[in-house]
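What follows is a set of notes on a single structure, which appears directly below.
Rule-based calculations on the coordinates, nothing more; no lab input. None of these values were measured; they are calculated from a predicted model. Backbone-built Cβ (ideal geometry, glycine too); neighbour counts: all protein chains shown.
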Protein chains: 2
Amino acid sequence: MLKTQRQPPDAELREMARYFYALKDILRLRILVTLGDREMTVTELAQELRISQPLVSFHLRPLRVLGLVQVRRVGREVFYSVNVAEIQRRQDEFMNLLTRAKI
Amino acid sequence: MLKTQRQPPDAELREMARYFYALKDILRLRILVTLGDREMTVTELAQELRISQPLVSFHLRPLRVLGLVQVRRVGREVFYSVNVAEIQRRQDEFMNLLTRAKI
DNA sequence: CCGTTTAATAAAAGCCTGTTTATATATTAG
DNA sequence: CTAATATATAAACAGGCTTTTATTAAACGG
């Protein structure tokens, strides 16, 4: 019998699709790269990227929900920064899925 | 003066967004994982995943265009397999973008 | 309190995408 | 050459998403 790879459960693939979905947009990548420089508030991000504040909030949401960015509230300002560790973790998880040892 | 990160050119981010866009779908991830097991034809993939042949072809296209899967034609059958090296390369490229050394 | 600032959410509009169904293209068998 | 098989592409439909505009919520300053 041929060795066959265990198929990952649907939930795992769905979660991974959500991760890639959160990164599929060039605006989101710009946000991440900009935040890779330094922690910034929503308004600062909007100015730097020349887009409206609601649009920044709209794109920050999935990044925040998935834990790809970290949030720190100070007064009425909200500082965002990249969560490199969490991103690295998900990247590793993906590569493991593709190269998983055969059973 | 504060150290500031060089902003990657738009083309680079657009290409990276295309990469994530190609992976944002659970069906595409299922295709990749299934192909991670062994080389398969389009028809085999359709049967294994219980979806129509045109839908498989539709999802294979962006993966093929970006070089995430490899193609080998034999007669009228087309065998697809995962290009792990290319995927790894893009993953590394992304992490470099996020953690690029400050200037 | 009251006005101002910061960020998130809601509503509306226009656009794009995934899926199905149908068709075209290429290769093989007879 | 004709029929059959394998794959890719086209057309059409349905549903969802991004963006803008407007509003709400929360926190601060006077």
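The table below gives the values:
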item: Peptide A:52-63, shielding by other chains (average Cβ, 10 Å cutoff); result: 0
item: Reference-scaled alpha-carbon Rg (2.2 N^0.38 Å with N residues) for the stretch B:11-99; result: 1.12
item: Taking N as its residue count, the alpha carbon Rg of the protein assembly as shown over 2.2 N^0.38 Å; result: 1.15
item: Per-copy distances of the B:THR41 label point, shortest first, in nm (7 angstrom along Cα→Cβ); result: 6.3
item: Estimated vicinal HN-Hα couplings, Hz - the stretch B:41-46 in sequence order (Karplus 6.51, -1.76, 1.60; Gly, Pro = x); result: 7, 4, 5, 4, 4, 4
item: Within the protein assembly as shown: Cβ-based charge dipole about Cα centre, in debye rounded to nearest 20 (Lys, Arg +1; Asp, Glu -1); result: 60 debye
item: Label-point gap, in nm, between A:ASN96 and B:LEU27 - each point 7 angstrom along Cα→Cβ; result: 2.9 nm
item: Within 10 Å of each Cβ in A:32-45, the average number of Cβ atoms from other chains; result: 3
item: Where labels lie 7 Å past Cα in the beta-carbon direction, separation of A:GLN88 and A:GLU39 in nm; result: 2.0 nm
item: Magnitude of the charge dipole, chain B, Cβ model with Lys/Arg +1 and Asp/Glu -1, debye to 20; result: 280 debye
item: Copies compared at B:GLU12 - label distances in nm, ascending, label defined 7 Å from Cα in the Cβ direction; result: 3.3
item: Centre separation in Å (Cα based) which lies between the stretch B:23-85 and the stretch A:26-103; result: 30 Å
item: 5 angstrom amide H check on B:THR41, placed H, neighbours 5+ away; result: B:TYR80
item: Where labels lie 7 Å past Cα in the beta-carbon direction, separation of B:GLN47 and A:SER81 in nm; result: 5.4 nm
